[in-house]
Amino acid sequence: MQLTAVADPAQSTWTMWADGSPLGPEPAATAAQPPLTLANLGADPADSTRAVAVWLEETEETFVLTAVRPRGARGQDRDTHTVTLPASRAHLHCGDAYLSTEYDAAGEPRRFGVELWLAAEPEGEEYPLRIAGEARPDGEALAVTRDGYRISAVEMSARIAGRTGLAVYLLVCPA
C-alpha cells in the first residue's frame, strides 16, 4: 500500500491517500503542493511506520522523515529512516536522523521532534537541523483500518529555525 499526502500550507489543509483512494472525506480542492509519498507498506504488516511531512509556508520547502520499526523493537536504535529534503537542500547528505514522539493517553501523537544531521559532503562535518511540531488544537485527524494496518494521521504545526509551517504526523501499525 502506498500512502501519499498533499497539503496547502496557506489554507492549513491536507489530504491523504492510500493507493490513490482518499482516506477520510473527499478533498474539496486540489492543494497547491505536489503529492508526497509518506510510506510504501508491504503486504505483511509486521512493522510500524511513523512519518512526518512538513510544509513550510514562506519558503515552500517540504521535508519528509519516515521511520520504520521492526515488530517487537522497543527503541529508536532499530528504526530504519528515510529522509527527503527539499530541492534547495538536495545537495546535502543526511548522516543520521532521529524522530522523537510524545503521545497522549489515547496513544495519538501530540508532539514530535526531528533531528537531521546534515553535511555538504558525504564524509564532511555534520550539523543538526531540528524540526519541532505539536498537534493543533483545532487540527484535523483521521484514523482508519485498511489492509491489516491501523492508519492514523494528525495535523500539527511545525517550526524550523524560526519558520513555521504545517505538518502531518502519520502512524501506521498492525491492526
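The values are calculated or read from the model by the stated rules, or taken from the named source; none is laboratory data. These figures come from a predicted structure and were not determined experimentally. Reconstructed Cβ throughout: ideal geometry from the backbone, glycine too, with neighbour counts over all protein chains shown.
Summary table
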| item | result |
| --- | --- |
| Pick from the range 38-72, criterion farther than 18 Å from L23 by Cβ and basic (K, R), ranking: modelled with the highest pLDDT | R69 |
| Selected residue [hydrophobic (A, V, I, L, M, F, W, C) and over 18 Å from A153 (Cα atoms)] from V52, V83 | V83 |
| Within the range 5-37, considering residues that are under 17 Å from M156 (Cα atoms) and among the hydroxyl-bearing types (S, T, Y), the one modelled with the highest pLDDT | T15 |
| Selection status of V172, farther than 24 Å from G24 by Cβ, in a strand (DSSP E or B), in contact with a strand residue (DSSP E or B) (Cβ under 7 Å, 6 or more places away or on another chain) and β-branched (V, I, T) | no |
| Options A161, A120: the member that is over 16 Å from V52 (Cα atoms) and either at pLDDT 90 or above or basic (K, R) (or both) | A120 |
| Search result, residues across the range 135-175 that are of a type outside the set (A, V, I, L, M) and closer than 13 Å to E57 by Cβ | S157, R159, G162, R163, T164, G165 |
| Breaking point among (1) touching a Leu at 6+ places or on another chain (Cβ under 7 Å); (2) hydroxyl-bearing (S, T, Y); (3) over 28 Å from P174 (Cβ atoms), for T66 | (3) |
| Condition check for G165: of a type outside the set (S, T, Y), closer than 16 Å to T15 by Cα, in contact with a strand residue (DSSP E or B) (Cβ under 7 Å, 6 or more places away or on another chain) and buried (at least 16 other Cβ atoms within 10 Å of the Cβ) | yes |
| Members of the range 50-72 that are of a type in the set (S, T, Y) and either within 14 Å of the chain's Cα centre (by Cα) or in a strand (DSSP E or B) (or both) | T62, T66 |
| Residue in the range 78-98 that is touching a residue at least 60 places away in the same chain (Cβ under 8 Å), within 21 Å of W17 (Cβ to Cβ), touching a Leu at 6+ places or on another chain (Cβ under 8 Å) and not in a loop (DSSP other than H, G, I, E, B) present | no |
| Pairs with Cβ under 6 Å, 6+ apart, first in the range 111-139 and within 15 Å of T101 (Cα to Cα), second loosely packed, with under 15 Cβ neighbours inside 10 Å and of a type in the set (K, R) | E115/R130 |
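Rundown of residues vs (1) surrounded by fewer than 16 Cβ atoms within 10 Å (Cβ to Cβ); (2) in contact with a strand residue (DSSP E or B) (Cβ under 7 Å, 6 or more places away or on another chain); (3) at pLDDT below 90, yes/no style:
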{"residue": "D79", "(1), (2), (3)": "no, yes, yes"}
{"residue": "Y103", "(1), (2), (3)": "yes, yes, no"}
{"residue": "P109", "(1), (2), (3)": "no, yes, no"}
{"residue": "F112", "(1), (2), (3)": "no, yes, no"}
{"residue": "G139", "(1), (2), (3)": "no, yes, yes"}
